[in-house]
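Coordinate-derived values only; no laboratory data. Nothing here was measured: the structure is a model prediction, and the numbers come from that model. Ideal geometry is used to build each Cβ from the backbone, glycine not excepted, and the neighbour counts take in all protein chains shown.
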Amino acid sequence: MPPAVQVQQLSKRYSSAFSKQAVQALDGVDLQVEPGEIFGLLGPNGAGKTTLVKILLSIVQATGGRAALFGVPVDKPHARKRIGYLPENHQFPDFFTAEQMLDVYGRMAGVSAEDRKRRIPPLLETVRMTQWRETKIKKFSKGMMQRLGLAQALLNDADLILLDEPTDGVDPVGRREIRDVLVDLRDTGKTIFLNSHLLSEVEQVCTRVAILNQGRLAREGSIAELTAADLYYEVLSTPIPETLLATLSDKIQPRNGTPAQETVLRRYQLKANDRQTLNALLDRLRSENILLESVHPVRQSLEDYFIDVVTESV
Amino acid sequence: MQLAAIVLLTFRELWAKKIVIGLLIISTLIWVMLTFALNLDIVEGSLAGVRLFGQDATPGETQVNEDTGEVTRELFSLERIVIEIERFVAAVAYWAGILLALFATATLLPSLLAKGRVDLLLSKPISRAGLLGGHLFGVLLTMVALALYLFGMVWLVMSLKTGIWAFHFFWGMLVVVAMFFVMYSVVTLIGVTTRSAPLALIVTYGLIIASLIFTGKDQLVPQINPPWRQVFLGFYHVLPNFGEVTMVVLKLTGNEAVTSWYPFFSSILFGAVLFAAAFFFFNRRDF
């Protein structure tokens, strides 16, 4: 089965006939998302995330490289047949009711009249919009629009669902419900491509993430792999002499503001990329007659990791 | 199915913006006025008198006998009355109808291409040409329906009142719809490239006003110095001759031979080129 999303050396340069300034939004990005994954695309503002998603949907045209959805080049309209999309800050014609809008947009997605009739009521139920189905869209709040947008993206029973900030403007309860919908979709074998600023959300839902920065792919991998890449350990021990701390300053740091329970013990943070390095460090401490009370691995949050990667790239 | 959805979306938008309703009301007022306010006294198949809102409005050509000084009036034939009324309606539809329809539809495309809305449409499995074509087809269908309503009802009222079934009235309608679409090509091209409805309207109305100058071409050209004469004639041949096409509408409606089709066909060519350019830019641009 071809990858759900395949991007090779993808580039996009925005230029204008009226201005000499050009912006390199994407610069040789390679990316692959397998069917059934929930893939998170992260990056600071202006990193090129939305441009990448728009190229996948042929809303923006690449200036270099190739992109395909399920093996079909993105410039072919039928490449979007198995796609559901929720854009950021989407707008629906506000004269429609929720139900009418789903019907018209379902038609545009190629959903038959019979399927539309069958799918719309349960979809409205899934996004908690049943009671508003006959209300005009102009009366909806941002959160309601977001939930309706999600229903629209799911209407054609797509195999790949691209979501750009799906929980933007949604209250915490609604956010959790959307998250649950995404997990349910994953369990039914759907592929989800999630573009979000909310790192905690990505961390809870995604199986794999990529970080884009300044148009380039900075990192890619599973969340466990990425957050474990630079492992930190908290060590409780007898005080380490200043001279030794100075020698190992890149590996061991005293933890400020968190005094040990006993005055004879101190807390330190060790940085070790693998088990061998950790044990070598502990052996070194023991050889200096430092007594260890406890050693706990401290896994970075995705947010910490993201900030490290973005800062490092800058 | 997708094309039908875009046509439906366009029609629903026109309906929601009360554009269709507004134009329907104006058309209804015209044929209702003809039905109830215009009274034709027909005696043995000939026109004996015309009353408008109860007042005598019998048209005719006044003649003075030079010898006796006697003033006589020869009444218009019934057929001529029908033609003149239908010509009047066609002229109103051509000028007021098209200007109103352009004003009413100019916001459609920029609204369709607004950020957040165009993204959703382009993400559907429809080609860009299909999307723009569907929109144009929706506008065209709506305008044909509105024109059919106005021309059809006026024709029906006049035919029932007089017994003269002047089918040539509908040729005028076809030219009116075609010229609306020629001018809508300007709205489309500017809408696609700038997403600005006000700019589209300014340019379109500007071209219509400029076309009025072209109606005096035969008088103006001899008075313009050579370098500028070519420029003037260049514009005349390139730009739509909206003003001059009025005569085509009136002649067709009156079942008279059209002396020159050039203004109409050069305008059609202008519209075709602009639509081609609109499709070209729409296919290439990023949203």
- request: Starting at the first residue of region A:54-69, write each ³J(HN,Hα) from the Karplus equation 6.51 cos²θ - 1.76 cosθ + 1.60 with θ = phi - 60°, in whole Hz, x for Gly and Pro.
  value: 5, 5, 4, 9, 6, 7, 10, 9, 5, 9, x, x, 9, 9, 9, 10
- prompt: Does region A:232-298 come out rounded, prolate or oblate by the C-alpha gyration tensor, with a ≥ b ≥ c the root eigenvalues, rounded set by a/c under 1.5 and, if not, prolate when a/b is larger than b/c and oblate if not?
  reply: rounded
- request: Work out how far the C-alpha atoms of chain A reach from end to end along every principal axis, then list the three figures in whole Å, largest first.
  value: 78, 48, 41
- prompt: Which whole-Hz couplings ³J(HN,Hα) result when phi for each residue of region B:145-150 is put into the Karplus expression 6.51 cos²θ - 1.76 cosθ + 1.60, θ = phi - 60°, listed in order with x for Gly and Pro?
  reply: 4, 5, 5, 4, 5, 5
- line: Rounded to a whole number, the Stokes-Einstein D of chain B in µm²/s (Kirkwood radius over Cα pairs; 4 °C; 1.567 mPa s) is 61 µm²/s
message: If the reach is capped at under 17 angstrom between alpha carbons, list the lysines near A:Lys251, excluding any in the same chain fewer than eight residues apart.
response: A:Lys271
Proximal aspartates and glutamates relative to B:Lys161, as straight alpha-carbon distance under 19 Å, when same-chain residues fewer than 8 apart are discounted: B:Asp41, B:Glu44, B:Asp56, B:Glu79, B:Glu84, B:Glu86
field: Summed residue charge, Cβ within 15 Å of B:Leu220's Cβ, Lys/Arg positive, Asp/Glu negative
entry: 0
- line: So the FRET efficiency between A:Gln9 and A:Asp115, C-beta based with R0 = 45 Å and rounded to 0.05, is 0.75
task: Please order B:Val187, B:Val231 by the number of other Cβ within 10 Å, starting at the fewest.
output: B:Val231, B:Val187
statement: Ordered by fewest other Cβ atoms within 10 Å, a rough proxy for footprinting exposure, A:Thr50, A:Thr97, A:Thr247, B:Thr188 read A:Thr247, A:Thr97, A:Thr50, B:Thr188
Relative pair counts by distance (%), Cα atoms of the protein assembly as shown, 10 Å bins: 3, 13, 18, 17, 14, 12, 9, 6, 4, 3, 2, 1, 0, 0, 0
task: Kindly provide the helix-only [θ] at 222 nm of the protein assembly as shown, computed as the sum of -39,500 (n - 2.57) over DSSP H runs of four or more divided by all residues, to the nearest 500 deg cm²/dmol?
output: -16000 deg cm²/dmol
- line: Using alpha carbon centers only, region A:220-251 is separated from region A:98-131 by a whole-angstrom value of 53 Å
field: A:Met129, B:Met179 arranged by Cβ crowding within 10 Å, fewest neighbours leading
entry: A:Met129, B:Met179
message: Using each residue's phi in region A:191-198, evaluate 6.51 cos²θ - 1.76 cosθ + 1.60 at θ = phi - 60° and report the 3J(HN,Hα) Karplus result to the nearest Hz, with x for Gly and Pro.
response: 9, 10, 10, 10, 10, 8, 8, 7
statement: Computed over region A:72-163, the distribution of all Cα-Cα distances in 10 Å bins, rounded to whole %, is 17, 52, 26, 5, 0
- request: Starting from the Cα-Cα distance between A:Ala22 and A:Ser301, subtract it from 0.36 nm times their residue separation and give me the gain in nm to one decimal.
  value: 96.9 nm
- prompt: At what distance in angstrom do the alpha carbon centres of region B:142-184 and region B:230-287 lie from each other?
  reply: 20 Å
Peptide A:98-111, shielding by other chains (average Cβ, 10 Å cutoff): 4
task: Over chain B, calculate the relative contact order: mean separation of alpha carbon pairs under 8 Å at least 6 apart, over the residue count, as a percent.
output: 22 percent
message: Taking the alpha-carbon distance from A:Lys12 and a cut-off under 17 Å, which lysines remain once sequence neighbours fewer than 8 residues away in the same chain are dropped?
response: A:Lys20, A:Lys49, A:Lys54
- prompt: If one takes the longest principal axis of the Cα atoms in chain A, at what angle in degrees, from 0 to 90 and to the nearest 10, does the Cα axis of helix A:172-187 lie?
  reply: 80 degrees
message: For peptide A:57-66, what's the mean number of Cβ atoms from other chains within 10 Å of each residue's Cβ?
response: 3
field: Nearest 10 degrees, 0 to 90: helix B:262-284 Cα axis against chain B principal axis
entry: 20 degrees
field: Separation of alpha-carbon centers, region A:148-183 and region A:2-78, rounded to whole Å
entry: 21 Å
message: If you consider only alpha-carbon coordinates, what radius of gyration and Dmax does region A:100-143 have, in Å?
response: 10.9, 30
